[in-house]
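The block underneath contains the structure these notes are about, expressed in structure tokens.
The values are calculated or read from the model by the stated rules, or taken from the named source; none is laboratory data. Computed from a prediction, not measured in an experiment: that's the story for all the values here. Positions of Cβ are backbone-derived with ideal geometry, glycine not excepted, and every protein chain shown enters the neighbour counts. SASA here: full protein model, heavy atoms, side chains in, ligands and nucleic acids out. Shrake-Rupley method; radii C 1.70, N 1.55, O 1.52, S 1.80 Å.
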Amino acid sequence: MGGLRGGYYFGILLLVALALSVGCIRPRVIPPVDTGGPGKWLPVATQPPDTIPDDPGIRQVEFTEPTDDRPKISPLPRRPQHILALSGGGMFGAFTAGVLGGWTRTEKRPEFDVVTGISTGALIAPLAFLGPQYDGLMERFYTRITRKDIFTYQSWITVPFRDAVASTAPLRDIVESSMTLAMIDDIGKAHRSGRRLYVGTTNLDTRRFVTWDLGAIANVTAATEPERQKKLKEAKKLIVNVLVASCTMPVVFSPVRIEVEINGKKYTELHIDGGVTAPVFVPPMVLDAAAPDPRKPAKLQPPANLYLVQASKSYVEPAPVESRVLPVLSVSTATILSAQTRREASNLFHMCRVAGVTFNMTGIPAEFPTPLGGLEFDRAEMNKLFEKGFEFGVAGPKWWSSPPERGPGESDPIRGGNKFTIEKLSDLAKE
């Protein structure tokens with residue numbers, strides 16, 4: 001038995017050595033970690049000075065050390081009046097797509113000054129930012145795809161030598177084909193007009209949330225058209241990486257390698273799902289910029305609105321979970337997402353009250369039946385979610401003026417053992 005065990009470990013070591021020799025396991029130069037606190041890393045100016053976001057946590061393309069004589073710049077070039085925040089949620093993003101499509105049908109959907117997205121919300125964010133003309137693309141993406149269009153499983157034999165159990169190559173293909181150079185160019189134009197598009201990822205090296213300014217990345221200029229097209233292609237590559245990274249669930253999918261340059265030296269960072277650190281977000285500077293100016297008459301300042309679309313339920317329904325990898329991961333993720341989204345929604349609500357911004361929120365209703373997790377990408381279920389979202393959108397949409405509080409059964413007594421009594425056990429047995 002000992003000989004067999006020794007042979008097994010020898011075989012593993014031999015495979016690792018072979019993988020290293022052929023380059024399957026590539027060493028990575030670890031980038032320097034920001035240990036100096038907020039403000040150490042600052043984005044290099046990639047657009048006119050009056051449009052640079054004064055927020056050290058928002059990435060454009062490159063990074064540099066700050067200078068003491070750096071001028072103070074307004075957070076945003078114009079006061080945002082309509083802010084859209086899209087949460088993560090996997091296949092439940094079909095609900096978000098439906099809400100936006102239904103909202104367009106009312107002919108009252110505004111042009112958003114700021115759009116933010118996480119995970120599945122990151123995929124929708126550029127389309128929502130560019131306008132209703134992309135509603136059809138959103139609907140096709142969330143009503144016609146299946147799991148195989150998003151990810152495929154790795155061979156279980158090779159999983160011990162990989163960084164994930166599945167590959168998002170199919171998702172990357174969809175994002176690359178959908179995100180055209182014309183769209184990148186339009187995002188850049190919108191950025192120059194003062195609008196903003198933000199997507200969040202999680203940097204594994206720093207264990208921190210990273211906000212990417214996609215408009216700043218898309219805002220390219222060049223002396224000649226061939227050079228401009230080249231820069232647009234470079235911007236597309238980075239934007240695709242960011243969008244895929246924002247959807248990359250750890251362990252299930254491989255981290256996305258993003259090349260950065262710090263003080264003239266190139267490094268590779270590992271980025272995963274932004275929902276790990278924040279399932280929904282709005283940069284504080286956006287709400288600060290949306291606050292009414294106390295020096296101006298209130299009647300001359302239209303109210304600013306935050307619209308938060310939650311691609312999940314506020315309360316997770318109790319149900320048996322199949323003891324297999326994907327169901328356990330899927331339900332665990334949905335549970336974490338639900339709890340964190342409620343906390344973040346509550347934070348945004350209070351931030352809005354302080355800033356004088358009207359808070360509006362909607363999400364999948366509690367009574368609507370949904371699958372346990374968000375990784376199934378079942379086409380029939382996604383169509384139902386889209387239709388329910390469309391129904392909510394056509395209705396106004398159906399906004400809540402405050403975030404949800406505790407749900408039914410969330411104040412259960414503290415357990416002092418493992419033997420319980422259920423009053424209506426006969427009724428439960430019938431179910």
Residue within segment 272-283 that is without any contact (Cβ under 8 Å) to a residue 12 or more places away in the chain, closer than 25 Å to Leu171 by Cα and assigned to a helix (DSSP H, G or I) present: no
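Conditions tested, residue by residue: (1) open to solvent by less than 30 Å² (accessible area, probe 1.4 Å); (2) modelled with pLDDT of 95 or more.
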residue	(1), (2)
Gly98	yes, yes
Gly101	yes, yes
Arg105	no, yes
Glu111	no, yes
Ala128	yes, yes
Pro132	no, yes
Arg140	no, no
Some residue of segment 318-329 being under 26 Å from Thr206 (Cβ atoms) and either in contact with an Asp or Glu (Cβ under 9 Å, 6 or more places away or on another chain) or at pLDDT below 85 (or both): yes
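Regarding Glu234, is this residue assigned to a strand (DSSP E or B), of a type in the set (Asp, Glu) and open to solvent by 50 Å² or more (accessible area, probe 1.4 Å)? It would help to see each step written out before you state the result.
Working: assigned to a strand (DSSP E or B): no; of a type in the set (Asp, Glu): yes; open to solvent by 50 Å² or more (accessible area, probe 1.4 Å): yes.
Answer is no for this residue.
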Selection from segment 198-214 of residues that are of a type in the set (A, V, I, L, M, F, W, C) and either over 12 Å from Asp273 (Cα atoms) or in a helix (DSSP H, G or I) (or both): Trp212, Leu214
Out of Ala190, Ala218, Ala182, Ala223, sole residue that is modelled with pLDDT under 90 and not acidic (Asp, Glu): Ala223
Which listed residue, of Phe390, Phe349, Phe359, is buried (at least 17 other Cβ atoms within 10 Å of the Cβ), in a helix (DSSP H, G or I), touching a helix residue (DSSP H, G or I) at 6+ places or on another chain (Cβ under 8 Å) and modelled with pLDDT of 90 or more: Phe390
Matching residues in segment 402-415 - criterion: being modelled with pLDDT of 60 or more and open to solvent by less than 90 Å² (accessible area, probe 1.4 Å): Ser402, Pro403, Pro404
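Look at segment 181-206 and say how many of its residues are in contact (Cβ under 8 Å) with a residue 40 or more places away in the chain and either closer than 18 Å to Met138 by Cβ or open to solvent by 10 Å² or more (accessible area, probe 1.4 Å) (or both).
Of all residues in segment 181-206, those in contact (Cβ under 8 Å) with a residue 40 or more places away in the chain come to 181, 183-188, 190-192, 194-206.
Applying the additional criterion that residues be either closer than 18 Å to Met138 by Cβ or open to solvent by 10 Å² or more (accessible area, probe 1.4 Å) (or both) yields 181, 183-187, 190, 192, 195, 197, 199, 204-206.
Looking only at that region, the number is 14.
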Some residue of segment 251-267 being touching a helix residue (DSSP H, G or I) at 6+ places or on another chain (Cβ under 7 Å), surrounded by 23 or more Cβ atoms within 10 Å (Cβ to Cβ) and under 27 Å from Ala345 (Cα atoms): no
Any hit, segment 238-259, residues being touching a Pro at 6+ places or on another chain (Cβ under 8 Å) and assigned to a loop (DSSP other than H, G, I, E, B): yes
Subset of segment 324-342 (residues that are surrounded by 14 or more Cβ atoms within 10 Å (Cβ to Cβ) and part of a loop (DSSP other than H, G, I, E, B)): none
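Report yes if Val321 is in a helix (DSSP H, G or I), aliphatic (A, V, I, L, M), without any contact (Cβ under 8 Å) to a residue 60 or more places away in the chain and open to solvent by 50 Å² or more (accessible area, probe 1.4 Å), otherwise no.
Criteria not met by Val321.
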